[in-house]
Each structure stands twice: as structure tokens, then as C-alpha cells.
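Undergrad: Below you will find the structure I want to go over with you.
Bear in mind that the values in this text are calculations on the coordinates, not laboratory data. What you are looking at is a predicted structure, and each value in this text was computed from that prediction instead of being measured. Every residue, glycine among them, receives a Cβ derived from its backbone with ideal geometry; neighbour counts consider all protein chains shown.
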Amino acid sequence: MMPLARWLMTGLLAGSLVVASHNGVASLPLAVDGQALPSLAPMLEGVLPSVVNISTEGKVTVRRNPFQADPFFERFFNTLPDSQPRQRRTQSLGSGVIIDARLGYVVTNHHVIENADEIRVRLDDGRSFDAELVGADPEADVAVIRIPAENLKAIEIGNSDELRVGDFVVAIGNPFGLSQTATSGIVSALGRTGLGIEGYEDFIQTDASINQGNSGGALVNLRGQLVGVNTAILARGGGNVGIGFAIPANMALRLTSQIIEYGEVRRGRLGVIVQDLTPNLAEAFGIDSRKGALISRVMPDSAAEDAGLQEGDVITLVDGRSVSGAAELRNLIGLARADDEVEITYIRNREEIVQTIRIRAVQAEAGQGVQISDNLAGALFEDIDEATGRGGQPGIRAVEVAEGSPAWQAGLRPGDLILSVNRQPIFSLDDLAEAVKRSSRGLLINLRRGDSAFYLVIP
């Protein structure tokens, strides 16, 4: 048997990758491309100038307790009405990544700059600049800001589609306000969805430590290339327990290109309500495939209707990419630009059909809006489909809320999902109209905003 030292030396001379391990736990490599005992320091020296610290200040409106306006609580608990909203100052810390050195564009998370009146960026060399907001996409938690700075260094972009489970990655950011912190780990999983963290989910899961303040920072490979934008942790009670998530770089950059061009993301819309294809449904429809998105409803006057898609069709591919379920279809369609042509492969009556469809912009068309009440005038709503929903969940979406309107004053915001009215689930605009019609004493609205849920009481 070859001695261990001789085996290691042979591996080094052969230019192989040698990985140290202790009790079966993977560690950093001992050798890469024939170079013994490498350090991450040279790579980090090239990357750290591209990662910035972001601090913000803003104000938020604190709404009244919804139960204070409830006649039941007012009668039996002597609650006093509190109709006046209050405002409080907020501060936030996060990270960002320079993606364009010439124009000063920095990508970060939407939740880092949300409600910010002032955005301050501090560079690795100690310089600080006031930043302007270029635009944001709350659904994917991506934002772009711009700083008037020279001699910036943009990060090199990698191909996140090439990532594999087990690849080494490094998370860089400013956790807890501690600037330029790097933590290492591996890619633990790919394509994570259904976490309820964001509207559009296709996360890279990593065990590299991601903590508060890391949001918006860089997830890089060992070449120092950006492969993800750190966005969230999954831990009860806060803190890091070895489960962090990053938005894939390819996904983030597709969105940032639209934000830079339009100031927003102009998503495409197919116009279907879909659900996961379960084994029982596959058997019922006589389909051999166990992956796909089953169309349960085709929206009227939509791209899907024009293309002849029908209820019961099972979408299996979009532009040659496999569709595992409803969430993946939503990502593939919703991350495409409006008016793009996409190739849809679907199964109908056990026959596979391939069709090219031009998707439409996600926007409410004339006559689609429903006014809930006089106190919510200024809001425009639409049914949830594959582009606007959250994994098939019921609800309707506020498309537009005019700033300063009664709806705005009541606390409603664009993107809010109304889940129930007066404790009755809402699945469509018709359900909403019926609930409003039946109500005689005001509305108790349960809504979801981002990863938060709360009630609004509308007199």
C-alpha cells in the first residue's frame, strides 16, 4: 500500500485537486491545478473591491391595530379608535455588488433599500457616496442603485447555470455592519422553491454563513466570479444555522438589465392558472410524465387563450428547459421579457405538442380593475396566474395603487395579495366583488406583502 504522504505528493504532481477532510466533513482544497496549499486571499483581494456596504434611512407608516376598528372589540374591550397612521424612522444595513464600473451600477436586494429616503454606499477603499435608486423588483427581491464614483471595479460574472451541488463558494458581505466579511462553504442545493421568502424563487442553497447585513452581497466561486446574490437565511429565531440562500447570478442579471433599461421589470404573462402535476393527476389524465405544470384555468383574453391552450394541458418544457411544476413554470415565464416568443411543449390527450407563443406584459387591461369600496378607490386588481401568484396559492393581486388615493391611505400597496375578505378566501375577482357586495359593516382584509401577512380593516 502506498504511504499517504507519497499518495498526496503524487496527486499534487499530477495537478489533481486534493481535498482535506476531518471525520468525513469536506474542507477547503489543499491543491488546485498542481498548486499546493492554496489560499483564498488572492481571489478575495480581487473581489472585495467589488462588494460594497449599504446603509439606508427611511420612514414607514405604522398602521392602526385592525381590531381597534372592529365593533366587537370596541364594545367588549373598550378599545379606543386610532384612525391616524403614524410614521417612524427606519435604518437598514446591507451589501451590494458593483456590476458596472463605468456607470456605477450596484445590484442589491430590494428589501435592503425598501422605504429608503437616503441610500449611502461605502466602498472597500473607504470612500462613501450617496446613491440613487435606479429601480427595483420586489417580487424577486432585486434592486439596482447607482453611485457617482470613479475608479470602481466591477465583479467578474460567472455562469450560475454551471453550478453543481458540492461546488465550493464564498459569501462576501457586511454582516451586522462588519465590513468586507468572507465565509466559505459549498453549494448545498440548487433550484430551491416554495420557501415563501420571495415571489420568484429559484435559490442556490449554501452552508456558507449568511447573516443579517449579508443581504445583497456576493456569492462567488473559487475563480472570484459572481454566481449568486445573497438574499436570505432560514433559521428559527434568526441567526445562521448553516442554511443560506442566494439568487442565481443569471437570474439576477436578467432582471437588472430590465431595471437599468426601464426602471422596472416588465414581465411576460402567459395567462394560465397552473398546479403541480402529482402522480394521481398524471394517472387521471393518462400521462406518463411525473413532472409538469397542469393548466387548471386559461385566463380570458390572454396569450394562452389566443394560442389555443386548454384546461387539462400539461406544460413540460419552456424553451427546451424542463418544467418540474407550477413554481418553475412561473419563473420561466415571469422572468422573460414581455412580448418575447417562447416555445411551449405540452401534453394533450397523451400527445406532445410544441408551440411558439408570444407572451404579454403583466399589466391590468382596461375594465379588469375592481374597486373594493369607496375607501379603496385608486386600486386596480387582477386575478393571480402563473406570473403573479405564489405556487398556486389563492388570492388576487393589487396591480396599481395610486399614491395618495383612499386605497393608499388605507394601507394597500402595489403587489399586495388579498387572501381573504371577512374571513372568506378569495380566489378570483368575482369572489372579491361578491364579498364586497355581501358586506354591510366594512371589510376585514387579510393580505400578504412579501413574506409578511397582516390584516386591514376598511370601514
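Undergrad: For residue 422 paired with residue 186, estimate the spin-label separation in nm (one decimal), with each label point 7 Å from Cα along the Cα-to-Cβ line.
TA: With each label placed 7 Å out from Cα toward Cβ, I get 5.6 nm.
Undergrad: Using each residue's phi in region 426-434, evaluate 6.51 cos²θ - 1.76 cosθ + 1.60 at θ = phi - 60° and report the 3J(HN,Hα) Karplus result to the nearest Hz, with x for Gly and Pro.
TA: Calculated HN-Hα couplings, in order: 10, 10, 7, 4, 4, 4, 5, 4, 5 Hz.
Undergrad: Going highest first, how would you order 338-346, 278-286, 130-138 by mean Cβ packing within 10 Å?
TA: Put in order of decreasing packing, that is 130-138, 338-346, 278-286.
Undergrad: Determine which residues of region 110-126 fall in the zone a paramagnetic label at residue 449 would reach in this model, i.e. backbone nitrogen under 16 Å from the point 7 Å along Cα→Cβ.
TA: It comes to 110-117, nothing else.
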